[in-house]
Amino acid sequence: MNAGSLSLTPSKPRPAVSSPLTGKQLLRLYYLMIVSRIADERALIAHKQGRIGFYVPAVGEEAAEVGSVFALSPEDWIFPDYRGSGIALAREMPLKIFFDQVLGNIEDVLKGHSMPSHWGDSSLNIVAPSSPICTHLSHAVGVAWAAMMKREKMVTISYFGDGGTSSGEFHGAVNLAGVFKIPTIFFCRNNQYAISVPVDRQTAVTNLAEKASAYGITGVRVDGNDVLAVYLATKEARQRALRGDGPTFIEAVTYRLGPHTTIDDPMKYRGKTEEESAWKRDPILRFSEYLTTLGLWDMEKDQVLRNKIKEDVNLAITNAKEVPKPEIDSLFEDVYSTSPWHLDEQRMEARRFVASKRQIQ
Ligand SMILES: Cc1ncc(C[n+]2csc(CCOP(=O)(O)OP(=O)(O)O)c2C)c(N)n1
Ligand SMILES: [Mg+2]
């Protein structure tokens, strides 16, 4: 679906309010934020119904994810972490591919090899994430370094959380990128928690962007619930990288409105009052108010858009459930060019196990 098919064209001429983007682009951003929210909400329901095994929602962090991806060029490479529905969808991943990955069926581009909501797709320049925190940062640095040597006009961007900035992997990657002025962007979504641990229990720094100065690179703190501020900060970081002025560490200050993952209950470590006040800063609500002020949006359009997206999301998830799962042999593919003996043994064992299950059924 694209914005045009829902007549998301501006209904009134734009007033003279300054915006870095055209009306059409602003509405596209809004569409992407809502599709990310609805896809996450639908996936959480599917998990409660026992239809999917695991999910990592980005509810509340849509402005940070969508705004930053929107500032990139198609040739840039993205290194996401496990919380990235807005990243994948803003990179124009179709809902079909998105839910095929969540369900891990045979049409999943990653062949069901990754955990649900770890989206990757080489055709979209998105590297499949792995779950260990910040291990992908040095990969993003390495790819950007290679591009720099080859004089290719591209940057890389890696996504991670506030907790990730306390890891050794963060230190190693950012330090190296600073020394060699690597054209990369370190994008931190400070959503206030690392699972149940609040930011002030894991770092004495109140402003994470300050960490950049320890590596001699530019640090930018941006309101992560303001999609346009995030867009501009990322765009500038991209230009800085391409000019040869080195990497940028962006801290997007936001809030994780949902659980850490489907196996978390935030009520065990934070109160309802805190959540309720965070919902008042919902980036989607805020952006819809901005669009309404510009004369680009109204309640009726909003309802039409949400209903259409819900239909699209439901269809994608229903279809993905119908697609068969990969055969057990696929577990052993894509790692070795020639399978070693111990994997051959395990493959035979796995085949016997599946066959015995089938007999019982
Ligand atoms: C190296 C490593 N240690 C521990 C974990 C377990 N773990 C998964 S998510 C997480 C918290 C990460 O918090 P943050 O970096 O703030 O990202 P967020 O989940 O809030 O987006 C932890 C400790 C892990 N995945 N990898
Ligand atoms: Mg966090």
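The values are calculated or read from the model by the stated rules, or taken from the named source; none is laboratory data. These figures come from a predicted structure and were not determined experimentally. Using ideal geometry, Cβ is built from the backbone for each residue, glycine included, and neighbour counts are taken over all protein chains shown.
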By residue number, the members of region 195-252 that are small (Gly, Ala, Ser), outside any helix (DSSP H, G or I) and under 17 Å from residue 173 (Cβ atoms) are 216, 219, 246
What about residue 224, is it touching a strand residue (DSSP E or B) at 6+ places or on another chain (Cβ under 8 Å), in the same structural domain as residue 262 (by TED's automatic domain parsing) and more than 16 Å from ligand 1 (Cβ to nearest atom)? no
Mind checking which residues of region 315-338 are polar (S, T, N, Q) and loosely packed, with under 14 Cβ neighbours inside 10 Å? 318, 330, 337, 338
Which number in (1) of a type outside the set (Phe, Trp, Tyr); (2) at pLDDT below 95; (3) within 17 Å of residue 64 (Cβ to Cβ); (4) surrounded by 15 or more Cβ atoms within 10 Å (Cβ to Cβ) marks the one condition that residue 40 misses? (2)
Is there a residue in region 164-175 that is near ligand 1 (Cβ under 8 Å from one of its atoms), in contact (Cβ under 8 Å) with a residue 60 or more places away in the chain and either within 22 Å of residue 71 (Cα to Cα) or touching a Gly at 6+ places or on another chain (Cβ under 6 Å) (or both)? no
Top-ranked residue in region 117-142 [being away from ligand 2 (no atom under 16 Å from the Cβ) and surrounded by 23 or more Cβ atoms within 10 Å (Cβ to Cβ); ranked as farthest from residue 96 (Cα to Cα)]: 141
Quick test for you: out of 237, 209, 252, pick the one residue that is within 12 Å of ligand 1 (Cβ to nearest atom) and under 20 Å from residue 81 (Cα atoms). 252
Restricting region 322-341 to residues that are part of a helix (DSSP H, G or I) and at pLDDT 95 or above, which is farthest from residue 115 (Cα to Cα)? 341
